[in-house]
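Remarks on the structure that follows.
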Amino acid sequence: MTISDIRLKRIYDPVEDRDGTRILIDRLWPRGMSKERAALDAWMPEIGPSHELRKWYAHEPSAGKRSVSDTGKNWPAVKNGSNN
């Protein structure tokens, strides 16, 4: 498997035959999603975003427009409980 073989998909999107191995990486189980409907091969909550990062992302209106490198620059402030 190569990096180009990895595809991201929302848990609420329909399951397709071409999905391959399905792994959920999130600390919280998605609301309204049964295990049967999710059709997952694995759930790895321990490697999902931390509670602090999820909270920061949800309360920052422009967070969805940032790149991964921008998030990394701001992460120390979030980790230390600062909003600056």
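The values are calculated or read from the model by the stated rules, or taken from the named source; none is laboratory data. Keep in mind that what you see is a predicted model, and the values were worked out from it rather than measured. When we count neighbours, we look across all protein chains shown, and the Cβ atoms used for this are built from the backbone with ideal geometry, even at glycine.
Yes or no, residue by residue, for (1) charged (D, E, K, R); (2) at pLDDT 60 or above:
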{"position": "Thr21", "(1), (2)": "no, yes"}
{"position": "Arg54", "(1), (2)": "yes, yes"}
{"position": "Asn74", "(1), (2)": "no, no"}
{"position": "Ala77", "(1), (2)": "no, no"}
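Of all residues in region 19-29, which are in contact with a Gly (Cβ under 7 Å, 6 or more places away or on another chain) and either under 19 Å from Arg7 (Cβ atoms) or not in a loop (DSSP other than H, G, I, E, B) (or both)? Break it down into steps so the answer makes sense when it comes.
Narrowing region 19-29 to residues in contact with a Gly (Cβ under 7 Å, 6 or more places away or on another chain): 25-27.
Listed by number, the residues that qualify are Ile25, Asp26.
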Study note, to complete from the structure: Residue hits (region 30-47; in contact (Cβ under 8 Å) with a residue 12 or more places away in the chain, assigned to a loop (DSSP other than H, G, I, E, B) and more than 14 Å from Arg10 (Cβ to Cβ)) are Asp41, Met44
